[in-house]
Amino acid sequence: NREADVERKYIELDTIWKKEQFLTFAEFKHRGPILLKGDDTQAIRELLEEHSLAVNSMLSSRYSAFMRDKIAELLQKLGKVTETITLWTEVQATWNYLESV
């Protein structure tokens, strides 16, 4: 039934974000792996956007009422990850600029 489809999709997306380590870092001047890799980060941003849209769609479905709180929590977590990556890349860009000064 459709409720089972919503639950299956939720579990699939939740598991992906709990188990995978998506971010990859590059070395910077012998200081260790501290820079987010650009191509990988862009791919993660695209995946976050895709999954956020899917979760938002699940949240608006009438078949998700029985687990609406869990779905909303996942959407909030994906939003926080997106915000954190955005802030990290902004700080990283500024830091790279100031490092050369």
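Between Phe25 and Glu50, how high is the FRET efficiency from 1/(1 + (r/R0)^6) when r is the Cβ-Cβ distance and R₀ = 30 Å? Nearest 0.05.
E(calc), rounded to 0.05, equals 0.85.
Could you check which residue among Ile11, Ile44, Ile71 shows the biggest mean-square fluctuation in a GNM of the chain with a 10 Å Cα cutoff?
So, out of Ile11, Ile44, Ile71, the one fluctuating most is Ile11.
Restricting to lysine pairs 8 or more places apart or on different chains, what number in the chain have Cα atoms under 21 Å apart?
Taking the Cα cut-off of 21 Å, the pair count is 16.
Find the relative contact order for the chain and round it to a whole percent, using C-alpha pairs within less than 8 Å whose residues are 6+ positions apart.
Taking the mean separation of contacting Cα pairs over the length of the chain, I get 25 percent.
Helix-derived [θ] at 222 nm for the chain: sum -39500 (n - 2.57) over DSSP H runs of at least 4, divide by residue count, nearest 500?
Roughly -25500 deg cm²/dmol at 222 nm, from the helical runs in the chain.
Each value in this text was obtained by applying a stated rule to the coordinates, not by laboratory testing. Since this is a predicted model, take the numbers as computed values, not measurements. In this analysis, Cβ positions are derived from the backbone assuming ideal geometry, glycine residues included, and neighbour counts consider all displayed protein chains.
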